[in-house]
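The values are calculated or read from the model by the stated rules, or taken from the named source; none is laboratory data. This is a predicted model, so every value here is computed, not measured. FYI the Cβ positions are ideal-geometry reconstructions off the backbone, even for glycines, and counts take in every protein chain you see. Protein only, heavy atoms only, side chains kept; ligands, DNA and RNA dropped before computing areas. Shrake-Rupley method; radii C 1.70, N 1.55, O 1.52, S 1.80 Å.
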Amino acid sequence: VSESAIDIANYEAVDPTSQTLNIRIEEGDTAVLNVITFYYKEKEATINYVAVGPEGATDFGSVSPTSEKVKVLTGTAQGSTATANNAPTFRFVGWYKDKACTQPVDSNWVDDNNKLTPVKADDAAWTDTTYYAKFEEDQATINYVAVGPEGLKTDGTPNDTVAGSVDPGSETLSV
């Protein structure tokens, strides 16, 4: 008798996946089991972590690690940490489910150190997936205000006596 291992969801058969058994029939009180046994192991999924920065920019930030494997049913993701580079200065914006960085991950998955630790539902299986760490140039806005001879009021606004105007009134600079 020849048999092949059957497909079991979220598991893969370990070689040999086909076996042949010669059936023996013995007389007397001795019982002989004629059994074919197949062994299985739980499948794994790959979780990728990718750094995404401004178009044309390089060296904006990194993620570590860039990938990991987890068992699809019983595995726990260890996660990845996003780190912004400083020259020129970039900042980490957040973790996303899509490459365009429009679908943020669950905020409970991200800690104060920018580490993403994805979580699957108890009744779900891990599948191959990718998460994206978004980086952008760090920017600052400078506002210019013309102040008259009386200076500023205590709330920071100019007094009514204005000595002139400023053009432009503000500008945004990369830090």
| message | Just want the answer: with Cβ charges of +1 for Lys and Arg and -1 for Asp and Glu, which residue in T76, Y39, A100 is farthest toward the dipole's positive end in region 20-104? | response | A100
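In whole percent, what relative contact order does region 54-121 give with Cα contacts below 8 Å and a gap of six or more residues? All intermediate terms of the calculation are to be shown ahead of the outcome.
Details: 83 pairs, mean separation 20.1, N = 68.
Computed value for region 54-121: 30 percent relative contact order.
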| task | Can you send over the solvent-accessible area of R91, 1.4 Å probe, protein chains only, in Å² to the nearest 10? | result | 100
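Could you give the length gained by full extension between A121 and Y144, i.e. 0.36 nm per residue of separation minus their alpha carbon distance, to one decimal place?
Once the chain is fully extended between A121 and Y144, it gains 3.1 nm.
How large is the Kirkwood hydrodynamic radius of region 38-113, counting all unique pairs of alpha carbons, in Å?
Details: mean 1/r = 0.0698 Å⁻¹.
Evaluated over region 38-113, this radius sits at 14.3 Å.
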| task | Measure off 7 Å from each Cα along the Cα-to-Cβ vector at Y11 and S62, then give the distance between these two points in nanometres to one decimal. | result | 4.1
| What FRET efficiency would be calculated for the residue pair Q19, E42, taking the C-beta separation as r and a Förster radius of 35 Å, to the nearest 0.05? | 0.95
| If you keep only loop residues by DSSP, which GluC sites (Glu not before Pro) in region 1-104 have at most 14 other Cβ atoms within 10 Å of their Cβ? | E26, E27, E55
| Gain in span if fully extended, K71 to W109, counting 0.36 nm per residue against the direct Cα distance | 11.8 nm
| What net charge do the residues around F90 carry, taking every other residue with its C-beta under 9 Å from that of F90, with Lys and Arg at +1 and Asp and Glu at -1? | -3
